[in-house]
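Chemist: Right, I'll just put the structure down here and ask away after.
Please treat every number below as a calculation from the coordinates, not as lab data. Owing to the predicted nature of the structure, the values given are computational and were not obtained by experimental measurement. Heads up, the Cβs are rebuilt from the backbone with ideal geometry, glycines too, and the neighbour counts pull from every protein chain shown.
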Amino acid sequence: MVLQIIKKTAFLTGLLLLIGLNSCYYDSVEDLYPQPPVCDTTGVTYSGSVKPIIDANCFACHSGSAPSGNISLANYNDVVVAAQNGSLLGVIRHENAWSPMPKNGNKIDDCSITKIEIWVDSGTPNN
Ligand code: HEC
């Protein structure tokens, strides 16, 4: 009899513990399978999209009186030159024919590359 009560109590305690633990364990799809952030490619412009990326990743070397590789990316006209001769997309996509940029740095993120591609494909507007 006593043994039975002990057994029952142990069983119930175990059950409650299980339920308790289960209720604390919550999982969301986002936590279990992290999704890459959504890339918003609507309304890509030079001033709002391309320039900030170039300024953050390229400007330090490619501006001033002696820009690296003698290539300036300091303003719209400079960036258009690189866009039109293919070097801009070539270097950021790390294509074989070009020196990969940013020099000695990580490739810029895919979303930024996509935005620059969209801008080049739409004819490098000064917007
Ligand atoms: C740390 C300095 C540095 C940064 C940052 C940098 N560059 Fe360069 N870049 C260079 C140097 C130095 C060269 C000359 C070629 C070489 O040494 O590879 C060059 C060359 C280039 C060229 C000519 C490449 C060729 O193969 O003819 C382009 C176009 C260019 N950079 C664009 C960019 C762009 C776009 C970014 C930003 C995404 C960038 N660079 C970031 C230093 C830099």
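Chemist: Charges at C-beta only: +1 for Lys and Arg, -1 for Asp and Glu. How large is the resulting dipole of the stretch 46-121 about its Cα centre, in Debye rounded to 20? The partial results should precede the final answer.
Modeler: Details: 5 positive and 7 negative charges, 29 e Å.
For the stretch 46-121, the charge dipole is close to 140 debye.
Chemist: For the stretch 46-121, report the % of Cα-Cα distances exceeding 17 Å.
Modeler: 37
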